[in-house]
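Have a look at the structure below before the remarks.
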Amino acid sequence: MKTNIGESCIRFMRYLLISLFIFGSSAFADPVNTLIKVKANVGEASGQDTSNSVTSEIDGDVDGTFDPGIIDCLSNGSGTCKETITYDDSNSTPIVRLTATPDANSVFVRWTGGGATVCGGTDPLCSFETVTTSERARFNYAAKFSLEVLGSYSGNNVTSNVGGIDCYEGSGVCEENYPQGDGDQVILTAIPDPNGGVFTGWGDPSLCVEPNPGTGPCTIEMPRWQDMEPDPDPPVAGPTTVAQRAIFDSFQLTVNRNPVPLNPLAPPKNPSYIVTSEPAGGIVCAQDSSWPGDPKHDDGDCNEIYAPGTKVILTATPNAGTTFSGWGGPCSGTGTCTVTMSQNLTVMAIFATDEKKLTVVKDGDGKGLVKDNYEMKCQPDETSCEESYPAGSPVILTAKPTKGSHFIKWFDAFHCNGNDEEEPVCEVKMNNDLEMTATFGLSTLTVNIDNLDEDPNVLVDNRVISAPIGIDCTSSSTQYSGECDDNYNPGTKVKLTAIPVGNHIFTGWSVDSCNVEPKKECTVTAATGLTVTASFAPRTKLEVTLSGSGTGKVTSSPPGISCHNEPPSIPNETSDCKNNYPKNIFVTLTAKATSSWDGLTAKASKFVGWQGTVLGGLCAGQLICEVPMDLANSIIIDAEFEEVNQLTVSVMGAGNVTSVPAGIDCNSGDPADSEGCFEDYDITDPAATVTATPDPSSGAAFTGWSGTASNQCTGSNVCELTMDASYTLRATFHVQNTLTVERIGTGDGRVTSDPAGIQCGTNCDEDFALGTTVTLTATTYAGSLFTGWSEETCQTGTTCVVEMDDHKTVTATFKALDICINDVVIDFGDPHGIWGWLNNKDWDQIHPLSPAHQEIGDIDGTGIDDLILDFSGYGLWTLKNFYTWMHLHSLSVEGMITGDLNGDGRDEAIFDFGPGFPNPWVYYSQWNEIQNPNFPSGMSVESMVAGDIMGDTTKDDVVFNLGAAGIEVWNDHDTWFPIFNPNTPEIMVIGNLTGNVNDELVIDFGDAGIWIRWSAFTWELVHSLTAENMVIANMDRQAVYLLNNDELIVDFGDRYGIWSWRPNTANGWMRLHPLSADSMVVADLNCDGNDDLIIDFGSPNGIWTLMGSPNPLGDATELGFYEPGAKRRWKQLHPLSAEEMATGNIDGVDTPPAPPEDAPSSSAISDAGTAGVSIPAPIANQ
């Protein structure tokens, strides 16, 4: 490259003046940054697990006091291995101290590395003045010693002077680590068993420092790893083990093989053979033709222990290509070797292989490397090299030219096993001594790359390519890669193209003819030894600064700058205010004001303008500034932001908000206003006022202001506020749509809504705000079925979701059901079993056994009731749909009830298994334990009933009587609450005594009387007497005097008989019969819509029914059940008394057909007859 000193001086002065103009004199006082990199590794190839480390300390004031640095670099690749130190070069340069610390199983070897390094030698402390450097600490493994004791007596023993060796045959401490690796001398002492043991010698005397230790101590010097080369060849594979053997009561015979140096990367020169012994089964010492002494390639045993006086015959057998040269030691010649074992003996078996010599000679004007496949390297500056190989070995030679040279040919190429002489690879067969000549010549074109003003430690892959192809050179190309030179024919025109990468630009060629104008293409004529240099330089540096009292953000296109002075809006967001760009482009900067938070209030800002010495008026008053990168090598642009008061307006609903002064025009239907509408007001005028005016859309109404400024919005809808701070203001507009519910059909039911409002029955119209989602729920009354909605989106289920985007009308259809509770299941006890009085006309035996308990409920949701029976020792069974028996559980229960707990039209069965189980269980296709968090150890249940006491309309609640522990209610499968009453229940019933939404709970508290719990959660005394039995029925629901509420039927015992109580009536109590009953149940036996009483008066009176008007619909001629003169009919159902009774519709028949005339009796029970049974007079007189 040509150099002109005058031009260089002028160029430097120009750079000095430009730097002073742009940066000022402070540009030459910038802090100095230095980078220190370290690496801690173990000197082995396999990467064993170690924890050696290198740490740093810094003496910043150069006063001898060091502070911890951040470097803590571990040999396993973890930790911090880099540290950047910044200091002012006008002061003293800080001192850095690196400390290399080995772990317990390693030793520090030395400091190594190449290039920019300052440490060296074996001292683990390295101190230097701060400079950019890359250091490497080399460690190696410590040594390990192991010992084997062989003999006939268990008391034979070997001990050591250091460490903890105390070794017996098959026991004791026979291994020890010497982790410091500093050449410890371990002295082993053999101690024979006092009962007759004899020490005969050491298995490997060569390990002992003593020339011939015999039976004396053996001193072993552990390896000194500090004496190893920095890069051992071959690499150390891991911790080294030194092993010795102590022999007692016998002698060791050892066969040593050829003394060939172990070098796995040298050409293979070792023989192949086997040495055997008689007696058989002793010495079998073999070696193949791979590596000598390598256990992977050795076979058999070269050491054997023999009893004293044993005669041993050794035979040496060479393999093909190997010659046995003779014995060494106690034997000689080439025959067999016979020894008598009177001492430890070592016999040398000497074998040899044929070798041939290869000489490599280099010729020509160029240079290159020649290597073989065994790591023989003939370096570029060497003119010839020699190496020996076993006869017949294949050797592959490779010629690699250096940069600026090319390979021409091989001389004597006929030896190259068919390879072309101009090919750089030549394979030869070493049948004879050979001489091969490799000829190298100079290339006709070589390219160098110079990255001007670039840190030499930073790799930048700027690139040069050629046409015709041949050159593809980068900054990282090596001297042997062949990418930066080619051997074009002399005179060939070659076009070179420079391609800068990263933050660099191309600056010029070393060929003057290509630099009339700096351009990326240069055409040259190939000639021997021609070299062309392409120069590259970093691109322009652009820096953004932020000033002023406000906060903001500046971004760039192309990207690279994202500079802000407010707290980051996302975690770990960084502010990047500098970047390098090519000189030949424009960079577009965009300013955006942001908000900040001072801990009390939000602070808003606005953009003021751009400042920069090189800009002039280029970007004045604009949010966007386009900066040409060729203005200077380094450009600084300042963006100024000012703190202001800001009004943020948002709209909820259908409407618009405008402001005076103009600026706010916020409409909820405008997607651009989804985050609110903003307007800035100058902070220098804190008395500025703004008037905000709401304008509702058609069909909407303005309902008010909210936000931090809403307290200033008084009086009319218009809001006048003083902008003495930043404020938020939200306007809410409401649109009301009417939802109308209509009920149609032959059935009866009601519809409710969520949100509340619709309660149809009573309220079937309700207004809801625009956009409200309303869920309608249909609930059927007894004897009806809900069949569907008019809404297309609500075709199935009892709920309908309506979106109130307009006025809506929804129709709910109910269908009347004819099915009624007209079956009575009676347990007559043994031997009669269970019978059913079906449809008020037929007896049918259900099962011959008598159950302990029975209950009825529709547990499969088919509309037909199922019978649940507890057969004691046979467990729980259910008769489904009157035809199918199913076993529910093998255990018996103390109590059971049914109820629809989740409102799906399907009953759940609740069971109390008694004291052996802490909680009751519920069956709903599967078993689940009912757990009450108020009773973590379990509930002891006395009795339980089910009904809708919470008014859910579709779901039953379960009331548990826990005796002295109180009363607990289980609602909706997951909610528990107590019912507070100081008394203990004896009887509990549930029914709708008021006709309201929810049922009432009636409890007989014994001596405290009978009480009712109203829907308002208040208690009222019903009667001061206690009851024998209670049921709830509605015996005049369909009469002319329609009463939709139930009545309480109370059996006060033998003294007072059976009475009915109707709340909220003038004559609340009415006597039904003077006799007391054994049990009572309720059913609509004739399906006339009125409940009927089934009463067991016990023996001898039997079971009777009490019915009201026979007209199922009622008319003007019929009086209600409780009216004077009303027809109330008593009829004996059966003369026998019952063990237990239950009612339901277990056969699915809706209306009982008229009984056939003279129908024969269908049951043994009815055959018992009623002839001669007298009806008690009090009953007949009723």
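Take the Cβ atoms of Ser937 and Asn319, set R0 to 60 Å, and the FRET efficiency comes out at 0.10.
Classified by the C-alpha gyration tensor, the range 823-1167 has an oblate form. Its axis ratio a/c, with a ≥ b ≥ c, is 1.5 or above, and a/b does not exceed b/c. Counting only residues at least eight positions apart within a chain, or on another chain, the lysines with an alpha carbon under 28 Å from that of Lys82 are Lys37, Lys39, Lys541, Lys578. Beta bridges assigned by DSSP with both partners in the range 31-141 are antiparallel in approximately 80 percent of cases. Cut-off under 18 Å on the C-alpha distance; same-chain residues fewer than 8 positions from Lys357 excluded. Which lysines are left, in chain and number order? Cα-Cα hits under 18 Å: Lys269, Lys371, Lys377, Lys429. Spin-label pair Asn373-Lys841: with each label point 7 Å from Cα along the Cα-Cβ axis, the two points sit 10.8 nm from one another. Counted by neighbouring Cβ atoms within 10 Å, the residues Arg539, Arg1055 run from fewest to most as Arg1055, Arg539. For the range 50-200, the relative contact order works out to 18 percent when only alpha carbon pairs closer than 8 Å and six or more residues apart are counted. Look at Glu566, Glu422 and count the other Cβ atoms within 10 Å of each Cβ; fewest to most, that gives Glu422, Glu566. For the pair Thr525 and Lys1127, the difference between a 0.36 nm per residue extended length and the Cα-Cα distance amounts to 203.4 nm. Cβ-Cβ distance of Asp754 and Asn711, R₀ of 41 Å, FRET efficiency by 1/(1 + (r/R0)^6): the value works out to about 0.75.
Rounded, prolate or oblate: which fits the range 708-752, taking a ≥ b ≥ c as square roots of the Cα gyration tensor eigenvalues, rounded meaning a/c under 1.5, else prolate when a/b beats b/c? Here the range 708-752 falls in the prolate category.
In percent, rounded to a whole number, the relative contact order of the range 895-992 is 21, using alpha-carbon pairs under 8 Å and six or more apart. Here Glu766, Glu427 are placed in order of increasing Cβ neighbour count within 10 Å, fewest first, which gives Glu427, Glu766. What is the calculated FRET efficiency for Glu791 to Asn996, with r their C-beta to C-beta distance and R₀ = 30 Å, to the nearest 0.05? Given R0 = 30 Å and the Cβ-Cβ separation, E is 0.55. A simple spin-label model places the labels of Asn584 and Ile187 8.2 nm from each other, with each point 7 Å out along Cα-to-Cβ. Less than 5 angstrom separates the built amide H of Thr689 from those of Met723, all sequence-distant by 5 or more or on a different chain. About the centre of its Cα atoms, the range 823-1167 shows a dipole size close to 700 debye [charges on the beta carbon of Lys, Arg (+1) and Asp, Glu (-1) only; nearest 20 debye]. For the range 770-873, relative contact order (Cα pairs under 8 Å, six or more residues apart, normalised by length) works out to 17 percent. For the range 355-442, a/c is not less than 1.5, where a ≥ b ≥ c are the root eigenvalues of the C-alpha gyration tensor, and a/b tops b/c. That puts it in the prolate class. Stretched out straight at 0.36 nm per residue, the stretch from Val198 to Val660 would grow longer than its current Cα-Cα span by 154.6 nm. Projecting the Cα positions of Met939, Thr898, Asn983 onto the charge dipole of the range 823-1167 (unit charges on Cβ atoms of Lys, Arg, Asp and Glu, taken about the Cα centre) puts Asn983 furthest along the positive direction.
We did not get these values from a lab; they are worked out from the coordinates using the rules stated. Model, not experiment: these values are computed from the prediction. Cβ coordinates were reconstructed from backbone atoms using ideal geometry, including for glycine residues, and neighbour counts include every protein chain displayed.
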